[in-house]
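Novice: One structure follows; several queries about it will come next.
The values are calculated or read from the model by the stated rules, or taken from the named source; none is laboratory data. As the structure is a prediction and not an experimental result, all values here were calculated from the model. All Cβ positions, even for glycine, are placed from backbone atoms using ideal geometry, and neighbour counts span all protein chains on display.
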Amino acid sequence: MAASGPKLDLTLYLVTDSGMVSESKTLVQTIDEAIQGGVTIVQLREKTAETGDFISLAHKVLQVTRRAGVPLLINDRIDVALAVDADGVHIGQDDMPLADARRILGPDKIIGVTVQSSEEAEAAVRGGANYVGIGTCYATPTKQVKVEPQGPSGIRGVWEHVLKVPSPTHPIRAVTIGGINAYNAVHVLDSTRTQGNNIALDGLAVVSAIMAAEDPRSAAQKMRAQIRFAMESSWLVRPRVNLASTQELQAVRRAAADVFAQTKSESLTPLVQHITNIVVVNDCANACLAMGGSPIMATEAEEQRDLAPAISSLVINVGTLGKQQVAGMRAAMQQARLHNTPIVLDPVAAGATKYRAQVIAELLRDFGAHVIKGNAGEIAALAGLTEVRSRGVDSVGSGFSDPAAVVAEYSRRQRCVVVMTGAIDYLSDGRSTFAIRNGHPLQATITGSGCMAGTALATFIHSMAHVDPLIGALTGIAAINLAAEHAARRNDVKGPGTFRAAFIDEMYNLSSEQLYDEMVLERLA
Ligand code: 3NM
Ligand code: MG
């Protein structure tokens with residue numbers, strides 16, 4: 001690999017498109033500014049240029065990239081790469097075969113190959129590519145692609161395969177491309193990490209996110225900051241509390257009680273934005289207040305951008321799924337991703353209708369979540385399991401034979417914390433799995449019990465910078481269930497109506513000492 005040329009760093013990979021450049025700038029200026037903003041490698045992609053023009057442009061771009069110590073690859077045209085002595089080429093499946101390109105360019109030039117499947121990837125790796133560009137992540141107007149976008153989970157499948165293939169240019173590297181921007185960068189990098197040992201892609205490739213930006217420098221800076229967050233600070237790489245090594249359940253209970261105390265204190269009032277269903281909106285707002293949070297229930301797409309910087313966590317409850325509501329959810333989730341704000345997804349009645357299943361699948365594909373909370377039927381529908389069926393919002397039947405394995409498996413698949421509620425609640429971050437045995441049957445007699453659990457999770461997962469999502473989730477589930485136990489014990493509670501009021505009271509009255517003492521926590525894995 002480019003022994004003499006600039007170092008191959010795929011972190012932020014810019015593919016050019018001269019048609020997108022703002023009228024006030026030249027292509028070369030745009031590339032220069034993008035590199036100043038943090039682009040680490042450039043691919044010059046000119047699909048229609050005459051050979052002479054392509055070469056003269058490549059010479060100019062090369063001056064900029066050489067000065068910055070960033071490699072320049074030429075798309076498709078080996079002849080142009082040779083003419084200007086570029087650092088390498090990037091070829092697609094319909095371009096010159098890899099073996100010929102390698103023979104012509106020699107062992108030191110960088111060669112990257114676009115792949116859409118594990119088979120294409122395997123051939124590229126075995127053939128000595130230095131990296132693969134795995135497409136197509138999301139639908140994009142930038143390039144006509146013959147295949148359906150595969151979303152991050154499809155990209156991860158190819159990446160996991162790539163890592164198993166012996167590579168003559170070891171180590172093989174990879175980026176993904178297609179519809180990637182500062183909003184989805186962290187989600188894409190998090191959710192393409194291999195399920196086994198958590199290996200991330202080497203970077204992200206973009207065209208329009210930088211080329212079409214008014215200010216390419218700041219667009220690149222934003223992308224770089226998001227990529228840095230995903231590589232260095234995401235809870236997937238850096239759990240705040242290392243539960244996997246915490247053998248003492250007492251320490252986990254202490255961590256939960258601390259989060260609870262902090263949130264209840266006057267000094268911290270997490271702003272919890274909800275887009276939830278019309279049946280429970282008032283209950284959730286009151287539950288949030290009672291547990292030390294401040295609820296915001298703003299549903300319009302237009303207001304999400306203004307709200308986003310102040311928000312501590314976001315609840316997306318899909319109970320009400322009008323078109324306008326869904327647009328609000330998408331806008332809120334996009335903003336939450338940009339600000340690295342934790343997202344709690346409540347997939348109400350996930351399996352009930354095709355429309356509902358599709359909306360949820362698209363939200364997960366495009367934005368993901370930090371926590372997914374559902375009952376057994378909802379988790380079964382999301383995970384594609386038939387062992388448990390749901391009817392409306394209620395879970396039918398006794399549940400899974402091995403619920404802990406289901407939540408752990410689904411958590412690893414979604415790269416998020418999964419909480420499965422029921423008589424016993426199961427929680428997993430894919431590394432550690434817990435059960436909480438608190439709560440009361442009266443919870444099932446009122447509407448909104450489950451939705452308020454979603455609120456509780458979000459209230460205690462208020463800041464990704466300070467709280468591990470699993471600790472926050474354990475805190476929220478313990479708090480809501482203990483409040484239910486306390487309420488059910490009261491003499492003035494005669495049935496669902498009085499329980500509902502007492503439930504909120506007891507969320508308000510619960511202390512961190514009670515949470516620590518009364519939480520019935522079991523470690524399952
Ligand atoms: N290759 P944007 S998608 C150049 O899937 C290219 O192989 C793709 O553009 C592939 O970042 C694509 O603007 C265009 O979505 C990506
Ligand atoms: Mg090509």
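Novice: Run THR48 past the list (1) without any contact (Cβ under 8 Å) to a residue 24 or more places away in the chain; (2) within 16 Å of ligand 1 (Cβ to nearest atom); (3) not in a loop (DSSP other than H, G, I, E, B) and report the number of the one that doesn't hold.
Specialist: Only one criterion is unmet by THR48, namely (3).
Novice: For segment 72-101, what are the residues that are away from ligand 2 (no atom under 13 Å from the Cβ), surrounded by fewer than 20 Cβ atoms within 10 Å (Cβ to Cβ) and charged (D, E, K, R)?
Specialist: Correct list: ASP79, ASP85, ASP100.
Novice: Please verify whether GLY133 is away from ligand 2 (no atom under 16 Å from the Cβ) and either among the small types (Gly, Ala, Ser) or not assigned by TED's automatic domain parsing to the domain that holds THR192 (or both), treating the condition exactly as stated.
Specialist: Answer is no for this residue.
Novice: Now a separate question. So, in segment 178-190, of the ones that are in contact with a Ser or Thr (Cβ under 7 Å, 6 or more places away or on another chain) and not in a loop (DSSP other than H, G, I, E, B), which residue ends up nearest to ligand 1 (Cβ to nearest atom)?
Specialist: Only one residue fits best here, namely VAL188.
Novice: Just give me the residues in segment 458-517 being within 16 Å of LEU289 (Cα to Cα) and outside any helix (DSSP H, G or I), in sequence order.
Specialist: ILE461, HIS462, LEU510, SER511, listed by residue number.
Novice: While we're looking at this one, here's another question. What is the one condition in (1) without any contact (Cβ under 8 Å) to a residue 24 or more places away in the chain; (2) among the basic types (Lys, Arg); (3) touching a His at 6+ places or on another chain (Cβ under 9 Å) that ARG67 does not satisfy?
Specialist: (3)
Novice: Based on what the data block shows, is PRO168 farther than 28 Å from GLN414 by Cβ and either of a type outside the set (Phe, Trp, Tyr) or within 16 Å of ligand 2 (Cβ to nearest atom) (or both)?
Specialist: So PRO168 fits the description; yes.
Novice: Restricting to segment 78-116, what's the tally of residues that are farther than 18 Å from ARG173 by Cβ and either more than 16 Å from ligand 1 (Cβ to nearest atom) or without any contact (Cβ under 8 Å) to a residue 24 or more places away in the chain (or both)? Before the answer, list the steps.
Specialist: Here is the first cut: in segment 78-116, the residues farther than 18 Å from ARG173 by Cβ are 78-86, 93-97, 99-100, 103-104, 106.
Then drop every residue that is not either more than 16 Å from ligand 1 (Cβ to nearest atom) or without any contact (Cβ under 8 Å) to a residue 24 or more places away in the chain (or both), which leaves 78-86, 94-97, 99-100, 103-104, 106.
Result for segment 78-116: 18.
Novice: Looking at segment 367-380, I want the residues that are touching a residue at least 24 places away in the same chain (Cβ under 8 Å) and on the phi > 0 side of the Ramachandran plot and have a partner that is surrounded by fewer than 24 Cβ atoms within 10 Å (Cβ to Cβ) and of a type in the set (S, T, N, Q) with Cβ atoms under 6 Å, at least 6 apart or on another chain. Which pairs are those?
Specialist: So the pair list comes out as GLY368/SER191.
Novice: Scan segment 36-57 for residues that are touching a strand residue (DSSP E or B) at 6+ places or on another chain (Cβ under 6 Å) and farther than 18 Å from GLY203 by Cα and report the count.
Specialist: 1
Novice: Any idea which residue in segment 102-115 is farthest from ligand 2 (Cβ to nearest atom), counting only those that are aliphatic (A, V, I, L, M) and closer than 19 Å to TYR13 by Cα?
Specialist: To start, the set of residues in segment 102-115 that are aliphatic (A, V, I, L, M) comprises 104-105, 110-111, 113, 115.
Narrowing the set further to residues that are closer than 19 Å to TYR13 by Cα leaves 110-111, 113, 115.
Working: ILE110: 16, ILE111: 13, VAL113: 10, VAL115: 12 Å.
Step by step, filter segment 102-115, then rank; the result is ILE110.
Novice: Can you say whether GLU160 is closer than 15 Å to VAL115 by Cα, acidic (Asp, Glu) and within 16 Å of ligand 1 (Cβ to nearest atom), as far as the supplied structure shows?
Specialist: Here the answer is no, as GLU160 does not meet what is asked.
Novice: For segment 395-431, enumerate the residues that are in a loop (DSSP other than H, G, I, E, B) and within 27 Å of GLY151 (Cβ to Cβ).
Specialist: Result: PHE400, ARG415, CYS416, ASP429, GLY430, ARG431.
Novice: Right, another one. Go through segment 364-388 and give me each residue that's in a loop (DSSP other than H, G, I, E, B) and out of contact with any Gly (no Cβ under 6 Å at 6 or more places or on another chain). Walk me through it before giving the result.
Specialist: Initially, segment 364-388 is screened for residues in a loop (DSSP other than H, G, I, E, B), giving 367-370, 384-388.
Matches in segment 364-388: PHE367, GLY368, ALA369, HIS370, GLY384, LEU385, THR386, GLU387.
Novice: Could you please let me know if ALA361 is touching a residue at least 12 places away in the same chain (Cβ under 8 Å), over 11 Å from the mean Cα position of the chain (by Cα) and part of a helix (DSSP H, G or I)?
Specialist: no
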